Amino acid sequence: MNGSSPPYVLTTFPIGMKPVTTLIGRGVDDLNLVVTYAVGTQLVLAISDLDGSTGRTLPYIFNVVAGYITQCVIPPQVHSTFSFTSNASEETSTAGPWEFRISGGVPPYQLVVTSISSSGSTSVTIFFPDKTYAYFGKGPGSGIVVGTSSS
């Protein structure tokens with residue numbers, strides 16, 4: 001992590017759930033994470049520094065396995081009025097815009113687009129009254145992971 005600025009944070013993208021950003025350390029020799037997801041949860045992980053520079057999105061989808069204790073597992077928060085959709089399908093062109101639509105929830109919304117094994121990500125804040133975002137880049141089927149959350 002040469003040239004980076006501590007502290008470091010890890011954004012976890014649990015498949016089908018809200019992404020979460022967590023402080024993992026104040027120096028390269030001081031990085032740690034307590035996994036708070038249930039066994040079987042699939043995660044994509046991206047690390048970044050104080051300046052928001054993404055060090056890397058790791059090239060794997062990690063599966064949470066049983067550990068020594070389970071008291072750290074936090075049930076996911078469910079906001080029944082918040083939903084997120086896109087125009088993605090198996091036929092979506094990788095050259096055209098990938099459109100995201102948000103309904104419900106509380107603005108502003110945070111949207112993060114990353115690719116497995118990439119050295120960067122796109123993070124945008126969507127303010128009221130907007131509820132849509134068009135992403136131009138690699139489309140579905142190219143290892144893209146998208147996370148969104150409301151305030």
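The values are calculated or read from the model by the stated rules, or taken from the named source; none is laboratory data. The model shown is predicted, which means the values in this text are computed figures rather than measured ones. Please note: Cβ atoms are built from the backbone with ideal geometry, for glycine as well, and neighbour counts cover all protein chains shown. Ligands, DNA and RNA are stripped out before the accessible areas are found, and what is left, the full protein with its side chains, is counted by its heavy atoms. Shrake-Rupley method; radii C 1.70, N 1.55, O 1.52, S 1.80 Å.
In the set (1) surrounded by fewer than 16 Cβ atoms within 10 Å (Cβ to Cβ); (2) of a type in the set (S, T, N, Q); (3) within 23 Å of Ser123 (Cα to Cα), Asn63 fails one condition alone, (3). Could you list, ordered by first residue, the pairs with Cβ atoms under 6 Å in which the first is in the range 27-38 and over 15 Å from Thr70 (Cα atoms) and the second is of a type outside the set (D, E, K, R), at least 6 apart or interchain? Listed by first residue and then by second, the contacts come to Gly27/Pro6; Val28/Met1; Leu31/Ile24; Leu31/Gly25.
For the range 7-54, what are the residues that are open to solvent by less than 60 Å² (accessible area, probe 1.4 Å) and in a loop (DSSP other than H, G, I, E, B)? Correct list: Pro7, Pro19, Gly27, Thr36, Tyr37, Ala38, Gly40, Thr41, Gly52. Out of everything in the range 1-16 that is out of contact with any Lys or Arg (no Cβ under 9 Å at 6 or more places or on another chain) and modelled with pLDDT of 80 or more, what residue ends up being farthest from Val145 (Cα to Cα)? Here the answer is Val9.
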